[in-house]
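Nothing in this text is a laboratory measurement; each read-out follows from the coordinates by a stated rule. Fair warning: this is a prediction, and the values are worked out from it, not measured in the lab. Cβ placement follows ideal geometry from the backbone for every residue including glycine, while neighbour counts extend to all protein chains displayed.
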Amino acid sequence: MTGTFHQNSRKEGDSQKDPQLVDKVMQDLDANKDNEVDFNEFVVMVAALMVAYNDYFVEQLKKKGKQK
Ligand SMILES: [Ca+2]
């Protein structure tokens, strides 16, 4: 049983492209360093992503405008 579980968990680990990168992102998100990304920390990340996303598209629209 233990051996089977170990093999399965190892397979799951390998299927992640870069577990260390995920850990790093999680640590960056964990603003109060309690090793958990709580809802507030998650919302901060989503807000930051939306701002970055918005800035990107505003920039793309400006470039398109200049081309015409
Ligand atoms: Ca936290």
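Report the calculated FRET efficiency for ALA47 and GLN67 (r = Cβ-Cβ distance, R0 = 25 Å), to the nearest 0.05. Numbers along the way, then the final one.
Working: r = 31 Å, r/R0 = 1.24.
With a Förster radius of 25 Å, E is 0.20.
Would you compute the Debye intensity of the range 17-67 from its alpha-carbon atoms alone, equal scatterers and no solvent, and pass along log10 I(q)/I(0) at q = 0.30, 0.32 Å⁻¹ to two decimals?
One equal scatterer on each Cα of the range 17-67 leads to -1.04, -1.09.
Using the Karplus equation 6.51 cos²θ - 1.76 cosθ + 1.60 (θ = phi - 60°), what ³J(HN,Hα) coupling, rounded to whole Hz, does each residue of the range 36-52 give in order, writing x for Gly and Pro?
Along the range 36-52, the couplings run 9, 8, 7, 4, 4, 5, 5, 5, 4, 5, 4, 4, 5, 5, 5, 5, 5 Hz.
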